[in-house]
Amino acid sequence: MEQAMEMMASADEVLFPNYGKRDLAFVRGEGAYVYDRDDRRFLDFTAGIAVCNLGHAHPGLASVIAEQAKTLLHTSNLFLIEGQVALANKLVRLVSAGTPYRAMFVNSGTEANEGALKLARRYQFVSGQPQKTRVIGLPNGFHGRTMGALSVTANAKYREGMAPLVPGLETATSYEAVIDAIDDTVAACIVEVIQGEAGVRPVDREFLQRLAARLRETGGLLIVDEVQTGVGRTGTFFGFEQFGIEPDIVTMAKGLGNGIPTGAILAKAEIASAFTPGMHGSTFGGNPFAMAVANYVVDTVSNPAFLAHVRRMGAQVRRILAETYEDVTGLGLMWGFDVPDAQAWRQAAVDRGLLVTVCGPKRIRVVPPLVIDDSHVALFEDVISSIERMS
Ligand SMILES: Cc1ncc(COP(=O)(O)O)c(C=O)c1O
């Protein structure tokens, strides 16, 4: 305990204060559990913020990592990386059965979105539509922290003091205003199908379909940010599959690397061709190490039996939450719910060995590893019953 206190005091002296105070630190994990220095066990319903979909210290993944570390970590994109070809083959088939797509690999969700914003503009430019430069994000959307991604992220809290943001990259004040704003100057709209950071809020299916139709009319592109909803999180490989829309560009990260930083941009082939040699790139993006991991993750998660398991576990988590809480929203293993005081609720959960994320003053999000089983769900239910008995 003393060692942990010293570590926290030292953190204040040497780290940026941007993440606020952290009162917990973990030294190891196993499956859906993480352990602190005193070997206290916590059921991890944060999964590193929807990242560790296969859980912690997954044996199959650990041997892929060890093998790749002994073979080749990095070469750069000066050379063809076989793992990129293998992974792209899988992802382009998963994103669409009929339409040809291409893939490019990056290192994070923000970076995938930044690339997608550039690609949308560049595609319009090479298609003889240079006036189409605007990209519009939805109210309450979250797409990351770089200047471009931040410019299409609505939350004022993240933008304060960062102006001027990128001209032409905008957010609208209501869903209808997004549709109304689409004209011949719009290169693309960027959406999440479930707004994770905003409290796990699915976007209305009918609205998304109208948005897609309006973009088709004007030649604007639909960018679907699957950074949080992708890689099985919603019970299908991509979240958009459940919303009846066909994206022009898809961005991915988080679960793709299960904790190894990696991301991807998928785009219809014609759109991807706008990134002619030299127009975009990344030193680390898609390196052999990240690709070995992501290939293993995608092979595992895209298995229909795995996805059926996610839906089954998700239905149980939803049932448990809906018995006690209001406004339970989400899909698969991604749920948000209302509590009277989110910080107090989170602390009560921590005291009972459960980790959750707070995503609003009265809102909790649970995004457990997708490999949870009945025993984890039973423990989750016990913790919830215990919190409710105390309140
Ligand atoms: C939907 C969405 N897009 C983008 C991002 C940014 O991803 P990263 O933190 O990997 O840059 C996040 C992160 O929470 C996200 O949820």
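The values are calculated or read from the model by the stated rules, or taken from the named source; none is laboratory data. Not measured: the values here are computed from a predicted model. Cβ sites come from the backbone with ideal geometry, for glycine too, and all protein chains shown count toward neighbours.
One table, with the values for the structure above:
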item	result
Condition broken by THR283, with the remaining ones in (1) surrounded by fewer than 23 Cβ atoms within 10 Å (Cβ to Cβ); (2) closer than 29 Å to TRP335 by Cβ; (3) not small (Gly, Ala, Ser) satisfied	(2)
Filter result (at pLDDT 95 or above and assigned to a loop (DSSP other than H, G, I, E, B)) within the stretch 17-31	LEU24, ALA25, PHE26, VAL27
Odd one out for ALA344, checked against (1) part of a strand (DSSP E or B); (2) closer than 14 Å to LYS362 by Cβ	(1)
Helices (runs of 4 or more DSSP H) (entirely within the stretch 60-175) containing at least 1 residues that are over 20 Å from ILE194 (Cα atoms) and within 16 Å of the ligand (Cβ to nearest atom)	109-126, 147-151, 156-159
Every pair of residues 6+ apart whose Cβ atoms lie under 8 Å, when the first sits in the stretch 137-156 and is at positive phi and in the same structural domain as SER108 (by TED's automatic domain parsing) while the second is in a loop (DSSP other than H, G, I, E, B) and more than 8 Å from the ligand (Cβ to nearest atom)	ASN140/ALA154; ASN140/ASN155; ASN140/ALA198; GLY144/THR153
Set ALA344, ALA308, ALA349: member being surrounded by fewer than 23 Cβ atoms within 10 Å (Cβ to Cβ) and either over 30 Å from GLN68 (Cβ atoms) or of a type in the set (Val, Ile, Thr) (or both)	ALA344
Per-region count, the stretch 258-269, residues more than 10 Å from the ligand (Cβ to nearest atom) and within 15 Å of VAL231 (Cβ to Cβ)	6
Flag if ILE320 is part of a helix (DSSP H, G or I), within 20 Å of ALA32 (Cα to Cα), touching a helix residue (DSSP H, G or I) at 6+ places or on another chain (Cβ under 6 Å) and of a type in the set (A, V, I, L, M, F, W, C)	yes
Any chance VAL227 is part of a loop (DSSP other than H, G, I, E, B), crowded, with 22+ Cβ neighbours inside 10 Å and among the β-branched types (Val, Ile, Thr)	yes
Options GLY109, GLY144, GLY55, GLY115: the member that is buried (at least 17 other Cβ atoms within 10 Å of the Cβ), farther than 23 Å from ASP183 by Cβ and in contact with a Pro (Cβ under 6 Å, 6 or more places away or on another chain)	GLY55
The stretch 335-371: number of residues that are aliphatic (A, V, I, L, M) and farther than 20 Å from ARG22 by Cα	3
Scope the stretch 295-317; condition outside any helix (DSSP H, G or I) and free of Cβ contacts under 8 Å to residues at least 60 places away in the same chain; matching residues	ASN303
Lone unmet requirement of (1) basic (Lys, Arg); (2) within 16 Å of the ligand (Cβ to nearest atom); (3) more than 14 Å from the chain's Cα centre (by Cα) for ARG201	(3)
From ASP12, ASP39, residue being loosely packed, with under 10 Cβ neighbours inside 10 Å and either part of a helix (DSSP H, G or I) or among the small types (Gly, Ala, Ser) (or both)	ASP12
Odd one out for ALA172 among (1) surrounded by fewer than 23 Cβ atoms within 10 Å (Cβ to Cβ); (2) under 25 Å from SER282 (Cβ atoms); (3) touching a helix residue (DSSP H, G or I) at 6+ places or on another chain (Cβ under 6 Å)	(2)
